[in-house]
Amino acid sequence: MRFYFLALGTLVIVCVGCADGQQLVRKNEYHAPPAQMLAQPGPMVGGPGPGVMAANFPPPGIMPVNYMVPGGPEAAAPRTSQMKFLGPEGMHVGWQIGQAFAEHQIMAPGRYNFSQGATYRLKLSDIPGREGLTIYPTLHVYPTLSQTSAYLSHNALPLRINDEDLDQVETNNFVTKVIYLPDAKYQELAIAGVEELVSTRLGPGLDPVAEADRRGTIMAVLRMGNMDYEMPGQTNGLTMNGQDAAIDLVDGEAGQFVPPQPIGDFQAAGGNVPDAMVMGGPAGPGQPPYDMIAGVNAPMYGMPTVGTPIGLPGPPHLPYGRPAGLKSHTIRNLTSVDIGEPVDHMLIDVKHDPGIRMPHPVKHVEYTETHPVYSPGETSVPAWSN
Amino acid sequence: MRLSLILTSWLALAATAAAQNPEDTRRFYPLDHQQPVGRAGRWQATIYPGLSSYSQPVRIALPSEGEVTFYQGSPQAGVVTPAPAQAGMQVGYVYRVKIAQMADYPGVELYPTIELLDRLHPPTELKDKFPIPIELTTAEIETALNDQMVTKVIYLEQPQLATPTRQIDGKMHTEVLEHDINLLEAADRRGRPIAIVRLGGRIPDPQSPQDEFFSTSPLTFIPQP
């Protein structure tokens, strides 16, 4: 009985240890930040810095066009997202250009490259089977992130507006469609493909944007309602303050094409987050390194462009134009770090297995020449000897 | 009782081991195939500075007849070559090519990219005879046409780990792995990663001929196969 409890206790210990799992896996593993973090020395600070791999920017003297330097496309990640309007087939897509709409710019199925980090107002008209229906959805085109860069370089974002969406809009409902790239753990197929979340197909209380953000990386959001933005004499549409602006008639069917103008930033309010500061570093292979000179071709050292006490550009949490109210700004790095002490004496043992066995070097040579001995009359050379 | 305990413990350990990723090499890989295009090549060119100056022949084959267009800048500078087509590419660079005029896909144009990670080491005079083979299959083309993305990592097999299967009609041995597998790690486990090929359905912007789409990486035109 005593052995039984001893065995039972051992079994419980083994099972608990294995149930954790992490300990067994972590024992011989080493971790470093992922590549995206290694390419940047810190939050909102552009690379490179000490120990930072591969800059995300083209070195000076080289035009910032794609693919010019090894890894160039990373420096010029796609700045546009190609939207592919799949249907309904025959639907015309237009967009807002300032105070007017450019109509009939694309007919579905069709594509257009939208600049990223902006919101556009589209005009969907001539929808087959929905005579008289014109919809003015907004399209948020998200910026490229590390997770979506490769996908957006190679794929268009498919957008199909189906009958269910149109029915919802016509019955005064608001439809939100989110196009996102699922994380690997949410991918069901071995091949990467975008997925779409629609607000009308989610349960009540679920935000499709939040849900898509949880499952992956959002690339575009389309929001549709039945508000008419071209009512004559309107006061809250394109014409502001009750004044009719000059309306430029742009019609794609007449061969006129005008690119869309964003109606807003990617952010709901506020401006862009300032870009990371580029401090200098190595250029491409075979090219001399370059340096940013503070105050000449780089911001003055020690002159932060925002009020963060670390002296680096940060998120604009201090509103411009107001007295700074921040009294303390502390960032604590709580990462457990175990990188060992510096090595002062290195010993490397190398060994061939099996070992090397070759003939030993020669250290003694005995060389004997045996010459024939002839008596007179036994040779014919020289002739006079005979 | 002792035998039973040992067996139970072994089963628990076996279950834990089975739960691990079979492609996991238990080494840290900061890069994977989903990184932004060009990052892996750039790291490689930075780590091995001499690599990027070598012009490595690359041969692109299509499932049937077709054309391959190589670009050196704008789309106006394309060089149209019947498939299979080959050109010299440099390690660390990314190349966008166009495949078109395919017999099975009339009117279809696709623009895969090729990111070169490493080179081969044939005898110098036979360099053009041993290009990196890139074979685009019917299934991959149809996947791209369905707005999905195909990512392939081409690797040079390690002789001791080479798959003991015969190449039929010279077709490369291909494995399809799950999406959450790091293809670079899986290729490194089997040999030496040479190139990443990405294929999707995006096409250049017809309204903007100077699209950011095309590559300007240095090309060398070599005798066709």
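The values are calculated or read from the model by the stated rules, or taken from the named source; none is laboratory data. Computed from a predicted model, the values in this text were never measured in an experiment. Every residue, glycine among them, receives a Cβ derived from its backbone with ideal geometry; neighbour counts consider all protein chains shown. What goes into the accessible areas is simple: the full protein's heavy atoms, side chains included, and nothing from ligands, DNA or RNA. Shrake-Rupley method; radii C 1.70, N 1.55, O 1.52, S 1.80 Å.
Structure values in brief
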quantity	calculated
Average partner coverage of B:176-185, which counts Cβ from other chains inside 10 Å	3
Protein-only accessible surface order, largest first, of B:R192, B:R42, A:R214 at 1.4 Å	A:R214, B:R192, B:R42
Links that overshoot a 25 Å alpha carbon limit, given the list A:K177/B:K152; B:K98/B:K171; B:K98/B:K152; A:K177/B:K98	A:K177/B:K152; A:K177/B:K98
Amide proton proximity set for B:G191, modelled H, under 5 Å, gap of 5+	B:Q158
Largest to smallest accessible area among B:F28, B:F214 [probe 1.4 Å]	B:F28, B:F214
Listed peptides B:61-72, B:84-95 by packing density, highest first (mean Cβ within 10 Å)	B:84-95, B:61-72
Kyte-Doolittle mean at least 0.5 and Cα axial length at least 18 Å: DSSP H helices in chain B	B:2-18
Listed peptides A:145-155, B:101-111 by packing density, highest first (mean Cβ within 10 Å)	A:145-155, B:101-111
Residue-by-residue Karplus 3J(HN,Hα) for segment A:194-203, coefficients 6.51, -1.76, 1.60, Hz, glycine and proline x	6, 10, 10, 10, 10, 4, 6, 9, 9, x
Chains A and B, summed buried accessible surface - 1.4 Å probe, Å², nearest 100	5200
Per-residue mean of C-beta atoms belonging to partner chains within 10 Å, peptide B:214-222	3
Percentage relative contact order, segment B:30-221, counting C-alpha pairs under 8 Å, at least six apart	29
Most to least packed among A:346-352, A:217-223 [average Cβ atoms within 10 Å]	A:217-223, A:346-352
Heavy atoms of A:S336 accessible to a 1.4 Å probe, total area in Å² rounded to 10	110
Area of A:E366 that stays accessible when all protein chains are in place (1.4 Å probe, Å², to 10)	150
Point-charge dipole on Cβ atoms (K/R +1, D/E -1) for segment A:79-265, about Cα centre, debye to 20	680
Phi to ³J(HN,Hα) by Karplus 6.51 cos²θ - 1.76 cosθ + 1.60 over segment B:154-167, Hz, x for Gly, Pro	9, 9, 9, 5, 7, x, 5, 10, 4, 5, x, 10, 7, 6
Karplus (6.51, -1.76, 1.60) ³J(HN,Hα), θ = phi - 60°, over segment A:112-123, in Hz, Gly and Pro reported as x	7, 8, 9, 5, 7, x, 8, 10, 10, 9, 9, 10
Neighbouring partner chain Cβ atoms per residue of A:151-163, average, 10 Å criterion	5
